[in-house]
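Input: a single structure, listed below in structure tokens.
The values are calculated or read from the model by the stated rules, or taken from the named source; none is laboratory data. Small disclaimer: the values here were computed from a predicted structure and weren't measured. With ideal geometry, Cβ positions are generated from the backbone for all residues, glycine too; neighbour counts draw on all protein chains shown.
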2 protein chains.
Amino acid sequence: MSTPHRVLIIGGGFAGLSCAKELANDERFAVTLLDRQNHHLFQPLLYQVATASLSAPDIARSLRAILTRAENVSVILDEVTRIDPKGKTVYSAEKSYSYDSLVLAAGARTSYFGNDEWAKHTIGLKSLDDAAEIRSRVLSALEQAERSQDPEEQKKLMTVAIIGGGPTGVELAGAFSDLVRRALKTDFRKIDPAELRVVIIQSGDRLLKPFTEEHSAYTEERLKKLGVKVILGPRVDQVEEGRLHLNDGRWIEAHTLIWAAGVGASPLTKDFACPQDRGGRIQVYPDLSLPDYPEVFAAGDLVCLENIPGVAPAATQMGKHIGQSLLKGKRKPFKYRDKGMMAIIGKNAAIAEANGIDLKGFPAWLAWLFIHLAFLVGFRNKLSVLLSWAFNYLFDKPGARVFTTEPKEEKARTSARGSG
Amino acid sequence: MSTPHRVLIIGGGFAGLSCAKELANDERFAVTLLDRQNHHLFQPLLYQVATASLSAPDIARSLRAILTRAENVSVILDEVTRIDPKGKTVYSAEKSYSYDSLVLAAGARTSYFGNDEWAKHTIGLKSLDDAAEIRSRVLSALEQAERSQDPEEQKKLMTVAIIGGGPTGVELAGAFSDLVRRALKTDFRKIDPAELRVVIIQSGDRLLKPFTEEHSAYTEERLKKLGVKVILGPRVDQVEEGRLHLNDGRWIEAHTLIWAAGVGASPLTKDFACPQDRGGRIQVYPDLSLPDYPEVFAAGDLVCLENIPGVAPAATQMGKHIGQSLLKGKRKPFKYRDKGMMAIIGKNAAIAEANGIDLKGFPAWLAWLFIHLAFLVGFRNKLSVLLSWAFNYLFDKPGARVFTTEPKEEKARTSARGSG
């Protein structure tokens with residue numbers, strides 16, 4: 001038997017994991033999957049952990065558990081610090097890993113587009129830690145408001161400002177409104193949680209820009225019905241602790257500032273002399289290999305390819321495509337099979353666009369639930385999420401209202417929050 | 001209507017919560033329940049969160065959610081810093097709370113009996129944060145061992161030393177052995193998780209001292225079968241980072257050091273000039289009121305009463321007794337109805353002693369499961385725990401193998417970890 005071909009995959013998200021699964025138990029390959037977390041995260045449901053509908057283990061699964069039967073795949077918990085493409089070696093703080101083929105699947109992280117100092121006043125939403133921090137900050141602000149005697153302070157504590165009107169922003173806004181209007185309704189004695197003010201700020205002229213104008217209008221109307229204040233047009237140009245400034249001159253005071261305005265590629269892409277977009281995403285060849293580095297592939301959110309959105313199905317398909325290329329020893333251009341787009345706005349309301357079919361309202365909401373349940377990894381997680389949703393829907397009782405630590409207000413947050 | 005009698009309860013554990021429930025919706029009382037966490041914690045199952053069998057939300061429930069219909073009860077998230085018994089006022093960092101009657105139910109915390117500097121090298125088990133830290137430390141040590149090339153380092157990483165052979169120590173030792181021998185069996189490629197060495201150290205001559213000698217012997221034998229090293233006799237006299245010294249001259253090297261050797265009362269008891277034992281527990285009158293302070297009661301783990309163990313049923317009964325005394329305006333001596341004691345040793349093995357009945361092995365294990373499920377607060381938590389146990393038992397798949405942060409090795413741990 002010849003020496004197996006060493007494939008190194010950086011990142012255990014949708015792209016990296018699907019590539020590893022494709023190569024599983026083929027003895028010609030010795031696969032190493034590096035991730036700095038021990039779990040695969042089902043990002044599409046992360047906003048529900050932030051808004052106390054689901055708990056962290058519902059949407060995360062140990063990478064080792066997923067790949068336990070893939071005997072030629074080693075999972076290593078380690079954080080890549082540098083890549084040397086010429087020496088075909090990847091470095092972490094303590095170790096180095098050589099490869100014959102490299103798959104870059106380290107994903108995206110919260111990006112502030114040059115305003116990195118805003119990171120310490122806002123919370124992004126890329127990891128379980130981020131989700132826990134958002135939940136903890138909003139719930140403990142309600143606790144502070146219940147203790148407070150000062151109406152001005154209470155008002156500020158009870159304001160959540162979400163910067164960014166894409167799917168993440170819309171989903172968070174809808175879910176927070178649901179939480180305070182239904183689940184927490186009778187829980188407080190001095191404040192009325194339904195008075196929590198959720199503000200969503202989008203610099204363009206409509207929410208959910210990738211969707212049709214009709215769906216954007218529907219989303220705006222639904223959010224307004226839920227009590228969300230939608231601000232379209234102005235751009236955020238200044239962020240301080242507990243407040244932000246819009247370029248139309250307004251200040252918005254809010255104890256919780258959530259940054260859902262943008263992501264950029266993992267900084268590992270900088271180690272390659274390849275054309276990149278302003279978010280650091282690599283412009284790959286059609287076969288997903290890197291210009292000048294035929295043994296290096298990239299997949300998922302750190303890839304910039306025309307007409308391919310940064311969504312889970314695209315990442316999964318790319319990872320699988322790379323796995324197939326390695327298995328067959330032949331390269332073909334990647335073709336994205338577009339499964340459509342969806343976004344959820346709150347209880348009983350969502351929008352979906354796929355293959356010419358437009359859905360909104362309850363049917364779209366139902367479709368959203370089933371599709372997300374179907375793609376969640378692991379039977380046990382599916383069951384647990386289904387139960388949580390059923391309880392939440394039938395009894396207005398989200399099960400994850402627990403937080404353990406005071407939010408780290410003092411601790412400067414870094415923007416280094418990618419999942420890869 | 002006259003002004004309601006103001007009852008202030010410090011601590012939302014078993015004692016405080018049962019007292020609040022007793023007074024619920026009686027308009028003669030205005031009850032305030034103070035806790036520094038937003039949740040009630042089912043402590044008897046905490047070791048299962050530490051050993052990755054259950055996830056945190058399974059055993060914790062928002063205090064507000066539990067008391068949402070008790071309209072005369074306000075839950076306030078705040079940390080008490082000082083009590084002025086003469087002024088009948090309780091202080092936190094920012095606020096003060098006056099009372100007519102005070103119920104001290106702040107519970108116990110990890111105590112090092114004068115060796116407070118050991119706190120920063122060991123992890124106690126009193127809160128969800130403690131449990132997350134233990135899990136994270138053990139699981140990430142396995143990850144480090146998988147990365148390591150140095151057999152000496154691997155051996156140290158794969159050693160867990162538990163100081164204390166009471167129920168918590170025994171339960172942790174059994175559960176860790178189960179975890180590595182069953183659940184993680186095929187998950188690693190370079191190390192064999194079953195080689196994780198669990199050491200349990202007890203200074204007396206047997207484990208589980210409150211139980212019969214026969215049960216202690218059975219426990220020791222079962223743990224040894226699970227591969228646990230049981231050290232009886234010597235006392236720990238020195239603790240450093242990653243190792244501890246026994247007074248028979250031995251050093252034990254272990255990456256993870258768990259302190260399960262003792263608890264002491266919340267330091268709030270110091271504000272009362274009452275007789276206390278060496279753990280700071282208050283020697284109360286038979287009616288659970290404090291000598292010289294008839295309007296102050298104490299319940300649960302910070303109480304020192306002869307023949308009453310520091311277990312959940314005792315705390316619950318005391319809280320209820322105080323509630324009854326307040327409701328009736330009459331004081332009677334507290335009588336403890338002993339429901340017996342149990343401890344679990346691992347899959348299919350436990351011991352139970354109640355009313356002259358002795359159980360061990362599988363029947364005791366089954367009884368343990370049912371009783372703990374029955375007393376867990378909330379139908380939803382019961383269902384979730386039942387599902388987790390079923391999966392774990394049938395498929396050897398504990399669901400909570402996820403950890404999110406590297407353990408805080410550098411961060412000095414304080415001993416201030418009570419739940420009240």
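Structure data summary
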| quantity | calculated |
| --- | --- |
| B:ARG189 under 25 Å from A:LYS95 (Cα atoms), assigned to a helix (DSSP H, G or I) and either at pLDDT 95 or above or of a type in the set (Lys, Arg) (or both) | no |
| Among residues of segment B:40-79, those that are buried (at least 23 other Cβ atoms within 10 Å of the Cβ) and farther than 25 Å from A:SER53 by Cβ, counted | 4 |
| The listed residue being in contact with a Gly (Cβ under 6 Å, 6 or more places away or on another chain), in the same structural domain as A:MET158 (by TED's automatic domain parsing) and charged (D, E, K, R), out of A:ASP178, A:ASP248 | A:ASP178 |
| Long-range neighbours under 6 Å by Cβ, at least six apart or interchain, first residue closer than 23 Å to B:SER18 by Cβ within segment B:37-59, second of a type in the set (Val, Ile, Thr) and assigned to a loop (DSSP other than H, G, I, E, B) | B:HIS39/A:VAL402; B:PRO57/A:VAL402 |
| Qualifying residue in segment B:102-115 (condition: in contact with a Cys (Cβ under 8 Å, 6 or more places away or on another chain) and either modelled with pLDDT of 95 or more or outside the structural domain of B:ALA298 (by TED's automatic domain parsing) (or both)) | yes |
| Within segment A:62-74, considering residues that are in a strand (DSSP E or B) and at the interface with chain B (Cβ under 7 Å from one of its Cβ atoms), the one nearest to the chain's Cα centre (by Cα) | A:SER62 |
| In segment A:316-365, the residues that are in contact with a Lys or Arg (Cβ under 7 Å, 6 or more places away or on another chain) and within 18 Å of A:ASP301 (Cβ to Cβ) | A:GLN317 |
| The one condition in (1) surrounded by 22 or more Cβ atoms within 10 Å (Cβ to Cβ); (2) within 30 Å of A:ALA65 (Cβ to Cβ) that B:GLU153 fails to fulfil | (1) |
| Candidates B:LEU257, B:LEU268, B:LEU223, B:LEU208, filtered to the one that is buried (at least 18 other Cβ atoms within 10 Å of the Cβ), in contact (Cβ under 8 Å) with a residue 40 or more places away in the chain, over 30 Å from B:VAL303 (Cα atoms) and among the hydrophobic types (A, V, I, L, M, F, W, C) | B:LEU223 |
| Whichever residue in segment B:84-112 is under 21 Å from A:GLN144 (Cα atoms) and among the charged types (D, E, K, R) and, among such residues, is surrounded by the most Cβ atoms within 10 Å (Cβ to Cβ) | B:LYS95 |
| Close pairs from segment B:372-394: first at pLDDT below 85, partner in a helix (DSSP H, G or I), Cβ under 7 Å, at least 6 apart | B:VAL377/B:ILE66; B:ARG380/A:PHE391; B:PHE391/A:ARG380 |
| Filtered residues of segment B:289-303 (kept if in a strand (DSSP E or B) and touching a Ser or Thr at 6+ places or on another chain (Cβ under 6 Å)) | B:GLU295, B:PHE297 |
| Test: A:GLY165 is on the phi < 0 side of the Ramachandran plot, in contact with a Leu (Cβ under 7 Å, 6 or more places away or on another chain) and more than 14 Å from chain B (Cβ to nearest Cβ) | yes |
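So that you can scan it fast, the table gives a plain yes or no per residue for (1) assigned to a helix (DSSP H, G or I); (2) under 26 Å from B:ASN381 (Cα atoms):
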residue	(1), (2)
A:ASP287	no, no
A:GLY310	no, no
A:LYS339	no, no
A:MET342	no, no
A:VAL377	no, yes
A:ARG380	yes, yes
